Amino acid sequence: MHHAQNFPRRRRYKLHSLEQQEALLPFVRLCPGRTYRHYWQMPTPRKDYPADSAYGRECAAHLLQWMKDNREYVGKGLLSRVARDIDFDDRDGRGQWMGFFNYLEIMMLLGADRVRVYRHVDSQHQLYLALGQRFSLEARFRRIRLRNR
């Protein structure tokens, strides 16, 4: 497909360590003066809203491919780290982040069309409740073992 803009190279994201995988996303970089990665390092906006939106969509596609390649890490806060680092007051960068989130919304709808949403969220509630109970029980048994030593 021909684009008027240079997009990041398309790739797969399956590597041995999570840090290596996230660092390959085209919008993730280490920045001077920061001890952790910045999750929204985009090229300077072109002030061409359609082109900037296209770049944002392309980055969202990279994120989605990353999720497909790293299913075990999905639901662990990557999207929240991206949102934390976006400067939503930057009017010049609006096309990039709007394209990014709009494409994610489209893909969310495609996924939601395939499941019964409320049934699925109920199962997630049950899963996390069970995990919480498990951790409580394990902590209780650890305290008992420590007392008996």
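The values are calculated or read from the model by the stated rules, or taken from the named source; none is laboratory data. Computed from a predicted model, the values in this text were never measured in an experiment. Neighbour counts run over all protein chains shown; Cβ positions are idealised from the backbone, glycine included. Note: accessible area is taken over every heavy atom of the protein model, side chains too, but ligands, DNA and RNA are not part of it. Shrake-Rupley method; radii C 1.70, N 1.55, O 1.52, S 1.80 Å.
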Solvent-accessible heavy-atom area per residue, rounded to whole Å², over the chain at 1.4 Å: 74 Å²
Chain lengthening between R134 and Y36 when straightened (0.36 nm per residue, less Cα-Cα): 32.1 nm
q = 0.14, 0.19, 0.26 Å⁻¹, region 65-109: log10 I(q)/I(0) [Debye, one scatterer per Cα]: -0.41, -0.71, -1.06
Relative contact order (percent, whole number), region 1-139, Cα cutoff 8 Å, 6+ residue spacing: 25 percent
Under 5 Å, built H, 5+ apart or other chain: amide partners of H38: R29, L30, C31
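Would you mind putting 110-121, 90-101, 23-34 in packing order, based on average other-beta-carbon counts within 10 Å, highest first?
Descending packing order for the listed peptides: 90-101, 23-34, 110-121.
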Anchor K76: lysines whose Cα lies under 30 Å away (excluding residues fewer than 8 positions away in-chain): K14, K68
Solvent exposure ordering (accessible area, 1.4 Å, most first) of E72, E22, E138: E72, E138, E22
Accessible-area composition of the chain, carbon plus sulfur, in percent [1.4 Å probe]: 55 percent
